[in-house]
Amino acid sequence: MSILQKLSLALAGTVVIFMSASPAGAVTLTKGGSVPVTGEGSKSTIPGSLVVDFNSGQAIDPNGFVTYSATNGIVQGSQANEYATPFGDTSKYLTISPAGDNIPGATGSVTLTFAKAIDYFGFYWGSIDAYNFVDVYSKGTLLKTFSGTDVPGAQATGSWTSNADNVFVNLLADSGETFDKIVLRSTGRAFETDNHTYRLANAIVPEPTSLLGLLAFGAVSAGSFIKRKSKMA
């Protein structure tokens, strides 16, 4: 077998590895967002993001990319032992409580299904509790679960007024990775969120013809290199 054939096979093997490699699907939770806007709560500072703020009184995305599984948990203000408005937020927001409770948002969980893959999701998390959970999925696979205790600096005590327990959080996919479904759930009263924010992923996946082109280019380049070396010998 010639050196050119060996190099071509090696390059082909490399392309196959790239095509079959499966990303780890890691997602990172960080704390961020703007200083709370009067009456609106904290908002995302991630560029290129779209927002669902529930001010219409419905869990409907005005941008048309995300669908909510339940819409009966849109409330305003606070109700003792039921739900508490995120600190500094007097607008409408989403609350989730255990299924069966005779209060607004008693569905146990709300699923957000995205029509296109995203690489970022954020929200203003009010009165953070340890029994609040966020599940992140990609193509039906659970990538990561976060609870209130995973928020940096949070005490997760459900405080209505503490800056530590009323913060904007960001869920960021690692480079080249995406997700397409979020499940917000709570095993206690309650899980309060507002200003749901997301960014559509713009990762470019090479077409198969492009990969073949790269392979052909690599083979030609390898042949040119061998010819140059032979002339120099």
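The values are calculated or read from the model by the stated rules, or taken from the named source; none is laboratory data. In this text, all values refer to a predicted model and were calculated from it rather than measured experimentally. Cβ coordinates were reconstructed from backbone atoms using ideal geometry, including for glycine residues, and neighbour counts include every protein chain displayed.
Observations
- Enumeration of residues in the range 91-109 that are β-branched (Val, Ile, Thr) and more than 26 Å from the chain's Cα centre (by Cα): Ile103
- In the set (1) touching a helix residue (DSSP H, G or I) at 6+ places or on another chain (Cβ under 7 Å); (2) under 22 Å from Pro47 (Cα atoms), the condition left unmet by Ile128 is number (2).
- Here Gly176 meets each of (1) over 17 Å from the mean Cα position of the chain (by Cα); (2) at positive phi; (3) touching a residue at least 60 places away in the same chain (Cβ under 8 Å) with one exception, condition (1).
- Among the residues of the range 173-192, some residue qualifies, meaning at least one is at pLDDT 95 or above, farther than 19 Å from Pro86 by Cα and of a type in the set (Phe, Trp, Tyr).
- Where Gly73 falls short, out of the listed (1) small (Gly, Ala, Ser); (2) buried (at least 19 other Cβ atoms within 10 Å of the Cβ); (3) closer than 24 Å to Glu177 by Cβ: (3)
- All conditions in (1) in contact (Cβ under 8 Å) with a residue 24 or more places away in the chain; (2) within 19 Å of Leu200 (Cβ to Cβ); (3) surrounded by 14 or more Cβ atoms within 10 Å (Cβ to Cβ) hold for Leu29, with the sole exception of (2).
- Residue list for the range 58-74, restricted to those being within 15 Å of His196 (Cβ to Cβ) and without any contact (Cβ under 8 Å) to a residue 40 or more places away in the chain: Gln58, Ile60, Asp61, Pro62, Asn63, Thr71, Gly73, Ile74
- Residues considered: Ser44, Ser22, Ser91, Ser49. Of these, the only one that is of a type in the set (Ser, Thr, Tyr) and at pLDDT below 95 is Ser22.
- Tabulated pairs, the range 80-97, first farther than 14 Å from Lys43 by Cβ, second surrounded by 17 or more Cβ atoms within 10 Å (Cβ to Cβ) and of a type in the set (Lys, Arg), C-beta under 8 angstrom, 6+ apart or interchain: Asn81/Arg189; Glu82/Arg189; Tyr83/Arg189; Ile96/Arg185; Ser97/Arg189
- Enumeration of residues in the range 113-147 that are surrounded by fewer than 23 Cβ atoms within 10 Å (Cβ to Cβ) and under 30 Å from Ala80 (Cβ atoms): Ala130, Tyr131, Phe133, Asp135, Thr145, Phe146, Ser147
- Cβ-Cβ contacts under 9 Å between residues 6 or more apart (or on different chains), taken from a first residue in the range 138-161 that is closer than 10 Å to Leu29 by Cβ to a second residue that is loosely packed, with under 12 Cβ neighbours inside 10 Å, are listed as Lys144/Thr28.
- Selection count where residues are in a loop (DSSP other than H, G, I, E, B), modelled with pLDDT of 95 or more and more than 18 Å from Trp125 (Cβ to Cβ), scope the range 59-76: 6
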